[in-house]
Amino acid sequence: NASSVSLADAAYVKISEGDFGYVLDDVPHLIDHLPDAPTYPNPLQDHPAYSTVKQYFVNEDDTVPQKVVVQKISRRGIHFRRAGPRQRVYFESDEVKACIVTCGGLCPGLNTVIRELVCGLSHMYNVSKIYGIQNGYKGFYSSNYLTLTPKSVDDIHKRGGTVLGTSRGGHDTKKIVDNIQDRGINQVYIIGGDGTQKGAYEIFKEIRKRGLKVSVAGVPKTIDNDIAIIDKSFGFDTAVEEAQRAIDSAHVEACSAENGIGLVKLMGRYSGFIAMYATLASRDVDCCLIPESPFYMDGEGGLLQYIEKRLKENKHMVIVVAEGAGQDLIAKSLSTSEQQDASGNKLLLDIGLWLTHKIKDHFKSKKMEMTIKYIDPTYMIRAIPSNASDNVYCTLLAHSAIHGAMAGYSFTVGNVNGRHAYIPFYRVTSTRNKVNIHDRMWARLLSSTNQPSFLSQKDIDEAKETNRMANKPPLPTGLSHHAAN
Ligand code: ATP
Ligand code: MG
């Protein structure tokens, strides 16, 4: 029922069925808040640190727009609830029973998020019943729950990994919710990637179906930065910084040999953000290969020709390759069938090794002297503790998650255009954030490495046509097409 939406800016909207214009995303369905209104005053109102802060509390109607660049008449579009403490909360502090779980692969910052969830719940809202679920989703029904206190998590942010343990697979929604219900848990904090957030949405739906008064708060984790909607995922900065160290080593190796090539494989199953940013940051990279930008080896404009040219000019070169790049090339040359892990993710073939062999064979056939050193730092990067900026980000994400759960919302938390927001689960899981190779950032990368774009004339013509359409003036009906970036 769209007419029940109360929004400060509702005056700007024409709200009619199927045309929600400038409204909070999903408010029409009222799915993200527990059925009753929050009744308890927020204990932070009396807290010495916050009571003097002007505008500390977030207005229920505050929203964060998904797109910053909007065209003239367009205040339409998707807006999310702004994250932050509310004047009223849904749960009384002593009735809160919270649990925290980490799932999926490792990522710098997991322990910082756990620590700040525990300390934030305890210090801001005087919550004392906080439990850790061990080894991912299956721990809800197969392991003991750990009791977490500010003291027990005091220095875990200095360690890599997750103190709770993690796993893939083992998501049994019914058994998980049975355990939440039996143990009287009413706040569930779920830290994990796209698969984990899909699982969180299933848990959320089952909880709603059973009419339980439980908030589900997702904190998205992905070292690849491939989660849709949010500006950046935690651990990404740390990963880029550590990746640079591997690139430095590759550069040293390459410079120290005649026609030396340093090849570094970085994370990025479907999205090449780490490879792209590490390349832009390091300036020593001559070629960056990512899943979004198909490339080819042989012939005019191919990778091998470029390597030859670069070695002739410079006597050394550095190549960065994201793990998901060139998968079609390897599959074709090895004619292997696809394999999956316990969570149903596609197992990737090692592009780094494959490239190493291909490059070696090529120069051998040309009787050209060459040395290649292949560095795979991926597991080392995943396992380090988060850096300063990620620690700050993790802390703020944890606080936003706590404020939202205390107010009775269920959501995934994230930074959207620089502001923390509560995002419906399905929004972040239905698409994946990818590097747009027709966008400015990739163009900047190409101009910094000087590598070929590997695009055919047909690709270029198609992209030009898309740009031409996107740059047209707004349609008179007010239906806008947003120009990229
Ligand atoms: P990453 O890929 O960044 O390491 P992830 O969260 O995507 O993290 P997965 O191993 O894919 O890692 O999933 C983590 C957990 O989420 C697993 O326990 C898995 O069973 C569960 N999961 C994955 N996809 C779904 C889904 N579609 N529905 C319910 N649960 C899911
Ligand atoms: Mg995943």
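Averaging over all projection directions, the Cα-based convex hull of the stretch 161-206 occupies 3.6 nm² in the image plane. Based on DSSP H segments of at least four residues, each scored -39500 (n - 2.57), the chain has a per-residue ellipticity at 222 nm of -10500 deg cm²/dmol. Taking the stretch 108-127 and a reference point 7 angstrom along Cα→Cβ of Thr149, the backbone N atoms nearer than 14 Å belong to 119, 122-123, 127. If you take the Cα centroid of the stretch 193-230 and the Cα centroid of the stretch 166-184, the two points sit 13 Å apart. Angle of helix 236-255 to the longest C-alpha principal axis of the chain, folded into 0 to 90 degrees and rounded to 10: 10°.
Sites counted here are GluC sites (Glu not before Pro) in a DSSP loop (not H, G, I, E or B) having no more than 16 other Cβ atoms within 10 Å; the longest part of the chain that contains none of them is 93-257. A simple charge model with +1 on the Cβ of Lys and Arg, -1 on the Cβ of Asp and Glu and nothing else charged puts the dipole of the stretch 158-301 at about 1380 debye relative to its Cα centre. How big is the gap, in Å, between the Cα center of the stretch 235-295 and the Cα center of the stretch 392-459? After rounding, the separation between the Cα centres reads 20 Å. Computed from the C-beta positions of Val252 and Leu353, the FRET efficiency with R₀ = 25 Å rounds to 0.75. Applying a DSSP loop filter and a limit of 14 other Cβ atoms within 10 Å to the trypsin sites (Lys or Arg not before Pro) in the stretch 126-165 leaves Lys151, Arg159.
If you plug the beta carbon distance of Glu313 and Arg159 into 1/(1 + (r/R0)^6) with R0 = 41 Å, you get a FRET efficiency near 0.40.
Grab the stretch 327-469 and count how many Lys pairs have their alpha-carbon atoms under 22 Å apart, sequence gap of 8 or more, or different chains. Lysine pair count for the stretch 327-469: 11. Looking at the stretch 100-214, the accessible area is 38 square angstrom per residue; that uses a 1.4 Å probe and ignores ligands, DNA and RNA.
Projected onto its three principal axes, the C-alpha set of the stretch 336-421 covers 68, 34, 25 Å, listed from the longest axis down.
Of the trypsin sites (Lys or Arg not before Pro) in the stretch 297-395, the ones in a loop by DSSP (not H, G, I, E or B) with at most 15 other beta carbons within 10 Å are Lys315, Lys366, Lys367.
Counting pairs of Cα atoms in the chain, how many percent are more than 34 Å apart?
42 percent
Solvent-accessible area of the chain (1.4 angstrom probe, protein heavy atoms only): carbon and sulfur portion equals 50 percent. Per residue, the convex hull spanned by the Cα atoms of the stretch 38-151 measures out at 179 cubic angstrom.
Here the chain is assigned +1 on the Cβ of each Lys and Arg and -1 on the Cβ of each Asp and Glu. Its dipole about the Cα centre then comes out at about 180 debye.
Rounded to the nearest angstrom and listed largest first, the equivalent-ellipsoid semi-axes of the stretch 390-441 from its Cα gyration tensor are 25, 15, 8. Rounded to the nearest 10 degrees, the inclination of helix 273-282 to the longest alpha-carbon principal axis of the chain is 60 degrees. What the pair-distance distribution of the stretch 256-339 shows, using all Cα-Cα distances binned every 10 Å from zero, is 17, 44, 33, 6, 0 percent.
Just need the Rg to Rh number for the stretch 331-485, please, alpha carbons only, Kirkwood Rh.
My calculation of the ratio gives 1.05.
Taking max minus min of the alpha-carbon positions on each principal axis, the stretch 108-205 gives extents of 33, 28, 22 Å, largest first.
For the stretch 229-379, the solvent-accessible area with a 1.4 angstrom probe is 45 square angstrom per residue.
Given their separation in residues at 0.36 nm each and the Cα-Cα distance between them, Ala388 and Lys360 gain 6.1 nm when the chain is fully extended.
The values are calculated or read from the model by the stated rules, or taken from the named source; none is laboratory data. In this text the structure is predicted, and so the values were computed from the model without any measurement. Positions of Cβ are generated from backbone atoms using ideal geometry, with glycine treated the same way; all protein chains shown enter the neighbour counts. Note: areas computed on protein heavy atoms with side chains; ligands, DNA, RNA excluded. Shrake-Rupley method; radii C 1.70, N 1.55, O 1.52, S 1.80 Å.
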